[in-house]
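To start, the structure under review is shown below, and the notes come after it.
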Amino acid sequence: MTFQKLLSSLLAISLLPAGLPAQQTKPAAAVVTKAVPETPAEFAARKVALQEMLQRLSTTGRILQVVAHPDDEDGSMLTLESRVKGNTAMLFTFTRGEGGQNAQGAVFFDELGILRTLELLAADKEYGAEERFSHVADFGFSKSAEESYAKWGGHDVPLGDLVREVREFQPDVIVARFSGTPRDGHGHHQASAQMTVESFTDAAKRDRFPSDGAPWQASKLYTGLAGDQATLVPDEGLPSALLDGKTPQEVALNGLRHQESQGAGNWKGPIPKVYSSYKLVATANGVVKAGHEEDFFDGINTSLPALADRFPEGAKGSGAGLKENLTKIAEFVAFARTAAEHSPEAAVEPIVDALRIFQTKLAADSSARWNPLQARLSEKREQLEQALILAEGVSASLTLVAPDRGSSFVIPGEELAFKLRVTNAGSAVVQLRPRLNLSSSASLEGLSSSNSFPAEIRNFPEDVAAGQTVELTINGKLAKNAKVTRPYFHRASPVRDAVYTADDEVAAYQNLALPEAPICARLALSIQGGDVELNATARTAESRVFIAPAVSVGVTPAAVLLRSKQQSSALIGVSTKNGSAAVKSGDVKLEVPEHWSSNPAGVPLQLAGGSTQTTKFTLGWPVGISSEQKVVKASFAGVYTESYKLVSRADLDAFPYYAPAQTTVSLIDADIPDKHTIGYIMGVGDTLPEDLASLGFTVHLLTDEELATGDLRGYDTIVTGIRAYATRAALRDHNTRLLDYCKGGGTFLVQYEQDTDGFNRGRFTPYPAVMGKERVSQEEQPVTMLDPEAEIFRYPNRITAADFDGWVQERGLYFMKEWATEYTPLLSMHDAGEAPLQGGLLVAHYGKGIYIYSALAFFRQLPNGVPGATRLFINLLAAGHNPANQPVTSASR
């Protein structure tokens, strides 16, 4: 049993029979049916999974790769080491990618972090790797490790997380994905590799992070992107029977395709034979540093019997004749591997023989988490149990059948019903002992493992014959104090905080990707004398079951951007969804800042279970406010103050995302032009259309058909959303129509593109220009207006240096690096220590109109109510409509 499983079992609660004491419950009758035969594909998949598990039993190697973000990982290497060679592989990812751009929609920050966590976990399944995270966040692009450490609260904050995981996982080999030098590019990449190198020695020092586990010294350390200095180039392009004939690179590509928010969903093209290289930089534990190597584990004996020699200090309590017993287990595993080539059932007997040695002669103590020998013995016993389950073809499922409301959420205090099903697809009788826990992260009061199951479980058949399925309905009631399933980490300000605060579960979940599923069944089985544990997570047809509050309260819009001089009120919607029949009524209210008003002050609601109601409030503020940003909160019944939803996708698992029931109201001292009809060409998704509409612009989202044949003359300005050229084929195909619109007198504003090669090849600009990958990531660095009297800085809002204060995350990205003389650069900016960049905002007269290219990160600034950025963006939209600019406006339509 792993440490995480142990923790989960300690969190067991009972599902007491609904409405009745246990002794008054009429035992449910089990239904025994003939099992549905496995399809050929299911049988083949089970056979390959068994062979892969037996390969894992043949080695004790552990390898840890360290990266900065989801999609940084070397999936081919992890697949090769884990699924082909059988080593236990773990991926440690410092951040969740929450500060990056989203190629799939307008989901950013912490919700994006949950999505990318799920995407990476789906990829990890393909690689065969475990996953861990630190508690620092991706705060956006960084050019140096030093900036990264500063934003993360100091060098030791993320390093401590990594050291803890090295001590917990006890790898033989530690591998940095990057080199730790400027050639890594992203500052997070550099920092991740630098800390990986430090963890190799720091994890072994008792005086470094003394409260984070027992010291551990890995045997080898590698850095990545080694190039000509490589000592190891893994051959990841060889097909393997354990991968169903695929190569590790093909499997890794399937893993990367899960990471759709990174733009990886449609990655195609030929796969290079080799694309990763590593350099051996340090060794320990008597391993001799070599030149060229064939494998990460060269010089380390990872055979099962060698455990007795590698960790003799941990052998106390493991039983007499440790090495002899390990040798016998290895022999039985070898027999099982040969037998499994014919059929899975043929491997049952030697697997049971190996398992019996553990049961009768070896003590594998799963609680001895810091003892490397015991940790590996526990791992091997678990793998033997999994191999036996696969060989016999035993499976279990736990399905939520009531309440049947099409939701994956259950509510504390709610009456539930589950259908437990056990299937034996093999040829032996499986003995099922009635030891079942329905576990939840709720109170432990008054419960023990001996009585933590409903009475009807005792009526479950003790034997499941070959080819049989046994099904039982379990009725119960979730405890009223059941803990809500949520991430164990949060940030008060996702925009500005770069370190998560861990909640009270930190001791149990530290470094885990997400908390474990809250409700699951654990069954004790015996297969031909081999004792195993079979787990089944509670699910609906859509996802795992999660525990949620009875009522979800959300506020729309989540952010309100308004002009303080022209707008004196705002309409706010509060959506209240009741997920429980137990809550029937309450008042929905807004909590407003001092001197602000809410009309009405509160609204009493009668809220039936399963219903949703939206309440409208008019929010007002004092006259005379110039620029101000305030948070307005909502609540229902004085208790429920957040919304929740399930983050998922068809190819992913799921997990809830919670957001406080609040809106941020940003009052901006700004004017807009008289002509303010905007045609917006959406790219990958941003909220600028909604932001512009709240400021008073009329915004229309242009369709592909309108780009092809529509009359564009009705728009005062046309704007491309971020990455629009990369994602909208109609824009690329009909770009000349947009340029003609501009030439005829329109204002055409193009925002940043990420596909620089595609944009440059397309020659989409009116005059020659070359887009580069330059960016300014330090939003606090000063900005120089090259001509402060330029009309764009004067109408309709006077732009000054103060308008570049208070920006968030970054200044801009993908600046133009070359441009024709027809363009006029308006701004100069740079990160500390770098040369000035002037390609972030270019303007050109084209015919009777104005063409603007902007690399500035308005898609981050406006949703976060940054006043100066909002005023500047309005001026860009108005560039062709300034009454003082007669050469431009004389052609107004």
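The values are calculated or read from the model by the stated rules, or taken from the named source; none is laboratory data. Everything numeric in this text was worked out from a predicted model, so none of it was measured. Please note: Cβ atoms are built from the backbone with ideal geometry, for glycine as well, and neighbour counts cover all protein chains shown. Ligands, DNA and RNA are excluded from the accessible area calculation, which covers all protein heavy atoms including side chains. Shrake-Rupley method; radii C 1.70, N 1.55, O 1.52, S 1.80 Å.
Would you call L398 assigned to a loop (DSSP other than H, G, I, E, B), closer than 30 Å to V583 by Cα and either out of contact with any strand residue (DSSP E or B) (no Cβ under 8 Å at 6 or more places or on another chain) or modelled with pLDDT under 95 (or both)? Working first, answer last.
Working: assigned to a loop (DSSP other than H, G, I, E, B): no; closer than 30 Å to V583 by Cα: yes; either out of contact with any strand residue (DSSP E or B) (no Cβ under 8 Å at 6 or more places or on another chain) or modelled with pLDDT under 95 (or both): yes.
Taking the combined requirement at face value, the residue does not satisfy it.
Out of curiosity, is R732 part of a helix (DSSP H, G or I), closer than 21 Å to A855 by Cβ, in contact with a helix residue (DSSP H, G or I) (Cβ under 8 Å, 6 or more places away or on another chain) and open to solvent by 10 Å² or more (accessible area, probe 1.4 Å)? Spell out the reasoning first.
Details: part of a helix (DSSP H, G or I): yes; closer than 21 Å to A855 by Cβ: yes; in contact with a helix residue (DSSP H, G or I) (Cβ under 8 Å, 6 or more places away or on another chain): yes; open to solvent by 10 Å² or more (accessible area, probe 1.4 Å): yes.
Here the answer is yes, as R732 does meet what is asked.
For the range 668-682, give me the residue count where each residue is part of a loop (DSSP other than H, G, I, E, B) and either surrounded by 23 or more Cβ atoms within 10 Å (Cβ to Cβ) or hydroxyl-bearing (S, T, Y) (or both).
Step one: filter the range 668-682 for residues part of a loop (DSSP other than H, G, I, E, B), giving 669-676, 682.
With either surrounded by 23 or more Cβ atoms within 10 Å (Cβ to Cβ) or hydroxyl-bearing (S, T, Y) (or both) added as a condition, the list becomes 670.
Counting residues in the range 668-682 that are part of a loop (DSSP other than H, G, I, E, B) and either surrounded by 23 or more Cβ atoms within 10 Å (Cβ to Cβ) or hydroxyl-bearing (S, T, Y) (or both) gives 1.
So which residues in the range 598-617 are over 20 Å from S643 (Cβ atoms) and open to solvent by 60 Å² or more (accessible area, probe 1.4 Å)?
N599, A601, P604, Q606 - these are the residues of the range 598-617 that are over 20 Å from S643 (Cβ atoms) and open to solvent by 60 Å² or more (accessible area, probe 1.4 Å).
Answer with yes or no whether L304 is over 30 Å from D228 (Cα atoms) and either in a helix (DSSP H, G or I) or open to solvent by 50 Å² or more (accessible area, probe 1.4 Å) (or both). Full working, then the answer.
Values: over 30 Å from D228 (Cα atoms): yes; either in a helix (DSSP H, G or I) or open to solvent by 50 Å² or more (accessible area, probe 1.4 Å) (or both): no.
Taking the combined requirement at face value, the residue does not satisfy it.
I need the strands (runs of 3 or more DSSP E) fully contained in the range 517-634, keeping only those with at least 1 residues that are over 30 Å from V866 (Cα atoms). Please lay out each step first, then the result.
Values: elements: 520-527, 530-539, 551-556, 559-563, 569-578, 585-591, 597-599, 602-606, 612-620.
Once the strands (runs of 3 or more DSSP E) in the range 517-634 are filtered for at least 1 residues that are over 30 Å from V866 (Cα atoms), what remains is 520-527, 530-539, 551-556, 569-578, 585-591, 602-606, 612-620.
Report the residue count in the range 133-146 for those that are outside any loop (DSSP other than H, G, I, E, B) and open to solvent by 20 Å² or more (accessible area, probe 1.4 Å).
Of the residues in the range 133-146, the ones outside any loop (DSSP other than H, G, I, E, B) are 133, 136, 145-146.
Next, only the ones that are open to solvent by 20 Å² or more (accessible area, probe 1.4 Å) stay: 146.
Looking only at that region, the number is 1.
Could you list, in sequence order, the residues of the range 412-466 that are under 18 Å from V401 (Cβ atoms), in a strand (DSSP E or B) and modelled with pLDDT of 75 or more?
Within the range 412-466, E415, L416, A417, F418, K419, L420, R421, V422, T423 meet the criteria.
Please go through the range 180-205 and pick out each residue that is surrounded by fewer than 22 Cβ atoms within 10 Å (Cβ to Cβ) and among the polar types (S, T, N, Q).
Result: T181, T201.
Checking Q754 against (1) open to solvent by 50 Å² or more (accessible area, probe 1.4 Å); (2) not in a loop (DSSP other than H, G, I, E, B), which single condition isn't satisfied?
Evaluating Q754 over (1) open to solvent by 50 Å² or more (accessible area, probe 1.4 Å); (2) not in a loop (DSSP other than H, G, I, E, B) leaves (2) as the failure.
Identify all residues within the range 643-667 that are more than 24 Å from D691 (Cβ to Cβ) and open to solvent by 30 Å² or more (accessible area, probe 1.4 Å); write none if there are none.
Y644, L646, S648, R649, A650, D651, D653
Cβ contacts < 6 Å: first residue free of Cβ contacts under 8 Å to residues at least 60 places away in the same chain, restricted to the range 517-541; second residue among the hydroxyl-bearing types (S, T, Y), any location; separation 6+ or different chain. Result?
Close Cβ pairs satisfying both conditions: A517/T537.
Given M53, M77, which one is under 16 Å from A252 (Cα atoms), hydrophobic (A, V, I, L, M, F, W, C) and either at pLDDT 95 or above or surrounded by 23 or more Cβ atoms within 10 Å (Cβ to Cβ) (or both)? Step through it out loud before you land on a result.
Details: M53 fails: under 16 Å from A252 (Cα atoms).
Just a single option satisfies the conditions, and that option is M77.
Would you mention how many residues in the range 347-367 are touching a residue at least 12 places away in the same chain (Cβ under 8 Å) and open to solvent by 20 Å² or more (accessible area, probe 1.4 Å)? It would help to see each step written out before you state the result.
Let us first name the residues in the range 347-367 that are touching a residue at least 12 places away in the same chain (Cβ under 8 Å), namely 347-359, 361-367.
From what's left, open to solvent by 20 Å² or more (accessible area, probe 1.4 Å): 349, 353, 356, 359, 361, 363-367.
So the answer is 10.
Looking at the range 103-116, can you tell me whether even one residue there is polar (S, T, N, Q), modelled with pLDDT of 95 or more and assigned to a loop (DSSP other than H, G, I, E, B)? Break it down into steps so the answer makes sense when it comes.
Our first condition is that a residue be polar (S, T, N, Q); within the range 103-116, this holds for 104.
Subset that is modelled with pLDDT of 95 or more: none.
Taking every residue of the range 103-116 in turn, none turns out to be polar (S, T, N, Q), modelled with pLDDT of 95 or more and assigned to a loop (DSSP other than H, G, I, E, B).
Select, from E130, E126, the only residue that is of a type in the set (D, E, K, R) and either buried (at least 24 other Cβ atoms within 10 Å of the Cβ) or assigned to a helix (DSSP H, G or I) (or both).
Among E130, E126, only E126 is of a type in the set (D, E, K, R) and either buried (at least 24 other Cβ atoms within 10 Å of the Cβ) or assigned to a helix (DSSP H, G or I) (or both).
State the number of residues belonging to the range 467-512 that are open to solvent by 20 Å² or more (accessible area, probe 1.4 Å), part of a strand (DSSP E or B) and modelled with pLDDT of 90 or more.
6
I need the full set of residues from the range 842-851 which are surrounded by 24 or more Cβ atoms within 10 Å (Cβ to Cβ) and closer than 23 Å to F804 by Cα, in order please.
L842, Y851
Test S58 against the criterion of being of a type in the set (S, T, Y) and open to solvent by 20 Å² or more (accessible area, probe 1.4 Å), and give yes or no. Can you show your working first?
Details: of a type in the set (S, T, Y): yes; open to solvent by 20 Å² or more (accessible area, probe 1.4 Å): yes.
Yes; evaluated as a whole, the condition is true for this residue.
When you scan the range 703-716, do you find a residue that is open to solvent by 20 Å² or more (accessible area, probe 1.4 Å) and within 34 Å of the chain's Cα centre (by Cα), even just one? Show your work before the answer.
Filtering the range 703-716 down to residues open to solvent by 20 Å² or more (accessible area, probe 1.4 Å) leaves 703-706, 708-709, 711, 713-716.
Restricting the remaining residues to those that are within 34 Å of the chain's Cα centre (by Cα) gives 703-704.
Within the range 703-716, one or more residues are open to solvent by 20 Å² or more (accessible area, probe 1.4 Å) and within 34 Å of the chain's Cα centre (by Cα).
Pick from the range 806-834 the residues that are in a loop (DSSP other than H, G, I, E, B) and loosely packed, with under 15 Cβ neighbours inside 10 Å: which of them is farthest from the chain's Cα centre (by Cα)?
Kept after step one, since they are in a loop (DSSP other than H, G, I, E, B), are these residues of the range 806-834: 806-811, 814-815, 820-823, 826, 830-834.
With loosely packed, with under 15 Cβ neighbours inside 10 Å added as a condition, the list becomes 820-821, 832-834.
Values: A820: 42, T821: 45, A832: 31, G833: 33, E834: 33 Å.
Within the range 806-834, the match that is farthest from the chain's Cα centre (by Cα) is T821.
Which of the residues belonging to the range 834-852 are more than 22 Å from Q754 (Cα to Cα) and either modelled with pLDDT under 95 or of a type in the set (G, A, S) (or both)?
So in the range 834-852, the residues more than 22 Å from Q754 (Cα to Cα) come out as 845-850.
Selection gives G847, G849.
Show the residue pairs meeting these rules: Cβ distance below 8 Å; 6+ apart or different chains; first residue within the range 735-764 and more than 11 Å from I850 (Cα to Cα) and without any contact (Cβ under 8 Å) to a residue 40 or more places away in the chain; second residue buried (at least 20 other Cβ atoms within 10 Å of the Cβ) and of a type in the set (D, E).
From the range 735-764, the pairs are F759/E753.
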